[in-house]
Amino acid sequence: MKQQTRAAIRYAKAVLSLAIDKNKADEVNDNMQLIASTLNDSKDLQVALNSPVIKVGVKKDTLLAVFGDSINAISKGLINQLVENKRLAILADVATQYTIIYDFHKGTQSAIVTSAVPLTDTLKEKILTKVKDIVGKKVTIENIIDPSIIGGFILRVGDKQFDASISGEMNDLRRQFADNLYVPKL
């Protein structure tokens, strides 16, 4: 596990603890999802947060301008704490880790299904039922569209991944072929 991820988990746990004490865990979870999606969707914002040239005050002001009244005081406090500790670059990781820890706290788990085309409602229901039977918890499903997998799907639940994609099968065949390739010595 990377050092940044460990730090992000520690910050996320601290924010969740505070949010639970203030009865704002659900609201903070919404904030963290907004922060994570905004930062992940904006390459410019990511570059700005990671830039050693841009002053920390400018980064903070930019974040507060972007999120403004969309986030509550606890989430703004997280940004201030990360600025103070010179860890603003891990904000997206903290937001993502918060959502994971929050889901665990609530007894739910998220399943991420990557497919070449959007899942039908019927297929989503089948996947939800099967994953719920396996993990024994309430499950939410997120569908990511990635045409590069050609067909099939990749299912990720927690730290487990099941690759039933055509591109995954092709990569397996490629590896098997490379492992069994006979090259005569001259």
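The values are calculated or read from the model by the stated rules, or taken from the named source; none is laboratory data. If you're wondering where the values come from, they're calculated on a predicted model, not measured in any experiment. Protein only, heavy atoms only, side chains kept; ligands, DNA and RNA dropped before computing areas. Shrake-Rupley method; radii C 1.70, N 1.55, O 1.52, S 1.80 Å.
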Sequence-separation-based contact order of the chain, relative, with Cα cut under 8 Å and 6+ spacing, percent: 20 percent
Across Lys13/Lys130; Lys138/Lys160; Lys137/Lys160; Lys13/Lys86; Lys24/Lys124, pairs whose alpha-carbon gap is larger than 22 Å: Lys13/Lys130; Lys24/Lys124
Gyration tensor (Cα) of the chain, equivalent ellipsoid semi-axes in angstrom: 36, 24, 15
Sequence of Phe104, Phe162 when ordered by accessible area, the most exposed leading, probe 1.4 angstrom: Phe104, Phe162
Fraction of accessible area attributable to carbon and sulfur, the stretch 107-186 (%, probe 1.4 Å): 59 percent
The chain: most fluctuating residue of Asp69, Asp103, Asp26 per GNM, C-alpha cutoff 10 Å: Asp69
Order of exposure, largest accessible area first, which applies to Arg174, Arg6 with probe 1.4 Å: Arg174, Arg6
Mean accessible surface per residue for the chain, computed with a 1.4 Å probe while every protein chain stays in place, in Å²: 65 Å²
